[in-house]
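The values are calculated or read from the model by the stated rules, or taken from the named source; none is laboratory data. On a predicted model such as this, the values are computed, not experimentally measured, just so you know. Note that each Cβ is placed from the backbone with ideal geometry, even for glycine, and that neighbours are counted across all protein chains shown.
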Amino acid sequence: CVKPFAAYGAVEAGKEYNTVDISRVQLWNKYLPPYQAAVNAGAATVMNSFNLFEGIPASANSYLVNDILKKQWG
């Protein structure tokens with residue numbers, strides 16, 4: 001299981017479960033490559049993180065879950 005997806009290490013003030021203030025470019029260039037490599041290598045599951053990305057919890061963030069995980073990496 002690949003976890004926690006995504007940008008969990010970029011939380012503000014180093015507080016767990018906090019919001020993440022990064023651009024989509026930073027997300028793609030810095031945080032997503034290891035996750036994508038794991039999925040490409042055959043990881044069967046991905047666990048969402050607890051932080052907010054673009055003000056939306058990662059587990060409910062359509063961009064992260066639907067656009068990236070399902071549509072692009074599917």
Report summary line: Exactly one of 31, 35 is in contact with a Gly (Cβ under 9 Å, 6 or more places away or on another chain) and surrounded by 11 or more Cβ atoms within 10 Å (Cβ to Cβ), and that residue is 31
Query raised in the report: Given the structure, is residue 13 surrounded by fewer than 18 Cβ atoms within 10 Å (Cβ to Cβ), out of contact with any Lys or Arg (no Cβ under 9 Å at 6 or more places or on another chain), part of a loop (DSSP other than H, G, I, E, B) and at pLDDT below 95?
Result: no
**Report entry** Residue under evaluation residue 42, criteria (1) at pLDDT 90 or above; (2) in a helix (DSSP H, G or I); (3) out of contact with any Gly (no Cβ under 8 Å at 6 or more places or on another chain), criterion not met
**Finding:** (2)
Query raised in the report: If you scan the range 54-74, which residues turn out to be of a type in the set (A, V, I, L, M) and farther than 17 Å from residue 10 by Cα?
Result: 60, 65, 68, 69
Query raised in the report: Quick one: what pairs do we get from the range 22-34, first residue among the hydrophobic types (A, V, I, L, M, F, W, C), second in a helix (DSSP H, G or I) and surrounded by 14 or more Cβ atoms within 10 Å (Cβ to Cβ), C-beta under 7 Å, 6+ apart or different chains?
Result: 22/10
